[in-house]
Amino acid sequence: MDSNLMYEYARRLGEEIKKDARMERVSRARKAYDEDPGLQAMIRDYEATNAALQQAAGKETRQVEELQEKANRMYAQILVHPVYDEMQKAQESLEHLMNAVNATITYGMTGEYPSDCAHDCSKCGGCG
């Protein structure tokens, strides 16, 4: 097969994936993530706390412990933020699709499913 034809098929596959509801969900979630001022402020504060934590490393243990506890609390708040949570779930859904696509390609190349395939398509979205 001509390499150019393989690249054309890959491009077409990418265009179809782009139309998939899971990709559209990721796009919407990413936009909401980028545009949520409260979440972005939380992330900036978390990053600043981590930077302070790195600067404090090797210094007074109490200060490091306090910064670590603060960073942990901040991270926990970010994880439960609804916009962040939706972004994570949307990305997981797209990742499942991509894993299924890759498994299908592998099957087409080798006649075998990847070794991590449990043949339980509810876990990954299926291979076909």
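The values are calculated or read from the model by the stated rules, or taken from the named source; none is laboratory data. Because the structure is predicted, anything quoted here is derived from the model rather than measured. Every residue, glycine among them, receives a Cβ derived from its backbone with ideal geometry; neighbour counts consider all protein chains shown.
Within the bounds of segment 13-25, is there any residue that is surrounded by 14 or more Cβ atoms within 10 Å (Cβ to Cβ), touching an Asp or Glu at 6+ places or on another chain (Cβ under 7 Å) and in the same structural domain as residue 106 (by TED's automatic domain parsing)? There is no residue in segment 13-25 that is surrounded by 14 or more Cβ atoms within 10 Å (Cβ to Cβ), touching an Asp or Glu at 6+ places or on another chain (Cβ under 7 Å) and in the same structural domain as residue 106 (by TED's automatic domain parsing). Which residues, counting only those in segment 14-30, are of a type outside the set (D, E, K, R) and over 16 Å from residue 96 (Cβ atoms)? Those that are of a type outside the set (D, E, K, R) and over 16 Å from residue 96 (Cβ atoms): 14, 27. Listed by position, the helices (runs of 4 or more DSSP H) inside segment 1-71 whose residues that are at positive phi and in contact (Cβ under 8 Å) with a residue 40 or more places away in the chain number at least 2 form an empty set.
For first residues located in segment 95-107 and farther than 18 Å from residue 23 by Cβ, partners that are at pLDDT 90 or above and in a helix (DSSP H, G or I) and lie 6+ apart or on another chain with Cβ distances below 7 Å do not occur.
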